[in-house]
């Protein structure tokens, strides 16, 4: 079995977040109606150059929870900090949240246990679907 180094993990995060930031200005545009030739800003969410999206933010949340040996409840608490406080975002403001993710976080805020806060429908398979823990 091959061992993954901390340097490889670091590179993964950097590369994933750069790729995410490249896509933010053109998110939701129709395929083949644009070309990305470098890092740009504004576009879909009017964010400055280099801003990553909720995908990177939620990846950072999950990574921190894993590093600190968190559990479903601490993961959801970190998701709340992302949504309400802008934690894990490039500029301290949440500007993009998928609907299933938002519903899962709001369910947790309203008192649902972390393990039950995500939707269980076959159509709810965005980032928030990860908030449903197997029993």
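Relative contact order, percent, of the chain when contacts are C-alpha pairs under 8 Å separated by at least 6 residues?
About 17 percent, as a whole number.
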Practice prompt. Please work out the FRET efficiency for the pair residue 27 and residue 67, using the Cβ-Cβ distance as r and a Förster radius of 35 Å; give the result to the nearest 0.05.
Written response: 0.80
Worksheet item: Applying 1/(1 + (r/R0)^6) with R0 = 30 Å to the Cβ-Cβ distance of residue 99 and residue 39, what FRET efficiency is obtained, to the nearest 0.05?
Response: 0.60
Worksheet item: Under a point spin-label approximation (7 Å from Cα along Cα-to-Cβ), what is the residue 85-residue 12 distance to one decimal in nm?
Response: 2.6 nm
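Hey, can you rank 11-19, 106-114 by average C-beta count inside 10 Å, highest first? Don't jump to the answer; show the numbers that get you there.
On the way: 11-19: 13.2, 106-114: 14.8.
Top to bottom by mean Cβ count within 10 Å: 106-114, 11-19.
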Fill in: Reduced Cα scattering model of the chain, Debye log10 I(q)/I(0), q = 0.18 Å⁻¹
-1.07
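Each reported figure results from applying straightforward, stated rules to the coordinates on display, with no laboratory input. These numbers were taken from a predicted model, which means no experiment stands behind them. All Cβ positions, even for glycine, are placed from backbone atoms using ideal geometry, and neighbour counts span all protein chains on display.
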